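As structure tokens, the structure follows; a few thoughts come after it.
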Amino acid sequence: MSFESLGLLPELLRAVREQGYETPTPIQSQAIPLVLEGRDLMGRAQTGTGKTAGFTLPLLQRLAPQASSSASPARHPIRALILTPTRELAMQVEESVRTYGKYIPLRSTTIFGGVNINPQTKALRAGAEILVATPGRLLDHHQQGNLNFSQLEVLVLDEADRMLDMGFIRDIQKIIALLPKSRQTLLFSATFTDEIKQLAAQFLKSPATVQITPQNTAAELVRQVVHPVDRERKRALLSHLITSRKLEQVLVFTRTKHGANRLSEQLDKDGISSMAIHGNKSQPQRIKALDDFKKGAVRVLVATDIAARGLDIDMLPHVVNYELPQVPEDYIHRIGRTGRAGAEGEALSLVCVDEHGLLKDIEKLLRKELPQGRRHRLRPGSQHPRRAHPDRAAGRWWPRSRSGPPGPQRRRAGTSRGAGSPPLPPRGPREIGLTSIPLDARLERLQDSCLCKNPCPIPSPKPASAPSPPPSAAA
């Protein structure tokens, strides 16, 4: 099957060919005809199989008859609304709309939080048929009176399982209440749960279902490996894997924003260029981090799960789960950043003993056991496996303890010695008690330690062989 057989417009076929695509993916070949018929749709396919083009191409074709080259905003009302869970996904979807619709005079714009609202307001007042938005910023514009959905025809929920999750359900309900009831609704995602289906039933009318792969299936071209490691040695192992294998483009996932920042700083100290991306970063910072990573300016991008949804990085070879996700489905979205568009990829997971339960949940979801890589032995104080600590080579190696280095370099309690001071003599056995030292030696030591100017009353020790003279009568 080819794109020509799907009945797409010549303008769309030209744009598709320019992107190097000749054959539609299974989700595209089944979803595009249903969308062109005007039916509501629930589409599920594994990440990286072209879901975005599966709704972008038919959406552009449906709106093409209303396209106008007029500069009047009245000729460009909002006719399609695409909701996404993250800013990065919103930008990516809007870029796809521009790419495939470059030969059709339709306008598109994107709105999301984290940036100044005034340029977005200006773009909305100029008119755009296709609006890509995140829920929160969309409601902000509605409260300011910048939106008019009276002519809306199509609603698309991208990454629908996350959009309809409990964290977004109230915003989604508010937005849908603003839209005309006579509309086409499309839901696309990599995973659907039974609870999500029940919620989606409230918004769709007799939807067609397209399911290309079994529910919750990871990409087949991704090689998945689990590396057992102690929790405190994860960063050392990650640095070793990157440097020893000469990995040049690695997307690393952590659970928390603070953990992403800390890991990025530690990798920089190891000589591995990296940047962090998460919800606390400003939008310009997030855009710069993604651009530098795509261009190869940074070697590692450390991200939270916010980056796991819908990001499309060309030929990304490696994904690392520095910490396993709490939700097993998020594992699929994480590793789905690699192995896209028929390319092979690798997903490494660093698993400590505390994460064995999370690993079992993931394997249960995937219905298979993930292979384990060899265990790397990391020495204390070493940044890399099988590499000696520099102090060991210099003869300064000792086990870490409160007592510090052994031998003459150890300080005595209550002393303060500056730089250049000679080393202290070795301490004798039980120096304080002195019970194990012979009596003569003790007397000699006490006499030497006396600092008074008067004659010392401590008698000097005498040889044991010389008898003591009898005391005189004068004494």
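Can you find a residue in segment 75-96 that is open to solvent by 30 Å² or more (accessible area, probe 1.4 Å) and in a loop (DSSP other than H, G, I, E, B)?
The answer is yes; a qualifying residue exists.
If you filter segment 1-37 down to residues that are under 32 Å from the mean Cα position of the chain (by Cα) and open to solvent by 50 Å² or more (accessible area, probe 1.4 Å), you find that the one that is nearest to THR185 (Cα to Cα) is PRO26. Look at (1) farther than 28 Å from GLY54 by Cα; (2) among the acidic types (Asp, Glu); (3) not in a loop (DSSP other than H, G, I, E, B) and you find that GLU329 fails only one, number (1).
Which ones in segment 128-163 are of a type in the set (Gly, Ala, Ser) and part of a helix (DSSP H, G or I)?
We begin by selecting, within segment 128-163, every residue of a type in the set (Gly, Ala, Ser); these are 128, 133, 136, 145, 150, 160.
Within segment 128-163, GLY136, ALA160 meet the criteria.
For SER273, the stated conditions do not hold, so it cannot be described as open to solvent by 40 Å² or more (accessible area, probe 1.4 Å) and either of a type in the set (Phe, Trp, Tyr) or in contact with a His (Cβ under 8 Å, 6 or more places away or on another chain) (or both). Here is the figure for segment 176-193: residues that are more than 27 Å from the chain's Cα centre (by Cα), open to solvent by 10 Å² or more (accessible area, probe 1.4 Å) and of a type outside the set (A, V, I, L, M) total 4.
For segment 130-148, indicate whether the set of residues that are open to solvent by less than 30 Å² (accessible area, probe 1.4 Å), at negative phi and acidic (Asp, Glu) is non-empty. Looking through segment 130-148, none of the residues is open to solvent by less than 30 Å² (accessible area, probe 1.4 Å), at negative phi and acidic (Asp, Glu). Could you list, in sequence order, the residues of segment 248-258 that are of a type outside the set (S, T, N, Q), open to solvent by 10 Å² or more (accessible area, probe 1.4 Å) and in contact (Cβ under 8 Å) with a residue 40 or more places away in the chain? GLU248, ARG255, LYS257, listed by residue number. Among the conditions (1) closer than 26 Å to LYS281 by Cα; (2) polar (S, T, N, Q); (3) touching a residue at least 40 places away in the same chain (Cβ under 8 Å), THR110 misses just one, which is (3). Filtered by the rule that a residue be among the hydroxyl-bearing types (Ser, Thr, Tyr), under 16 Å from ALA123 (Cα atoms) and touching a residue at least 12 places away in the same chain (Cβ under 8 Å), segment 70-101 gives a lone residue, SER72. The single condition from (1) under 30 Å from VAL115 (Cβ atoms); (2) open to solvent by less than 10 Å² (accessible area, probe 1.4 Å); (3) in a helix (DSSP H, G or I); (4) not small (Gly, Ala, Ser) that LEU316 fails is (3). Residue pairs whose Cβ atoms lie under 8 Å apart, separated by 6 or more positions or on different chains, with the first residue in segment 344-360 and closer than 25 Å to LEU247 by Cα and at pLDDT below 95 and the second open to solvent by 90 Å² or more (accessible area, probe 1.4 Å) and not in a helix (DSSP H, G or I), are GLU344/ARG223; GLY345/ARG223; GLU346/ARG223; ALA347/ARG223.
The conditions of being modelled with pLDDT of 90 or more and part of a loop (DSSP other than H, G, I, E, B) are not met by TYR21.
The values are calculated or read from the model by the stated rules, or taken from the named source; none is laboratory data. If you're wondering where the values come from, they're calculated on a predicted model, not measured in any experiment. Methodologically, a virtual Cβ is constructed for each residue, glycine included, from the backbone with ideal geometry; neighbour enumeration extends over all protein chains shown. For accessibility, only protein heavy atoms count, side chains too; no ligands or nucleic acids. Shrake-Rupley method; radii C 1.70, N 1.55, O 1.52, S 1.80 Å.
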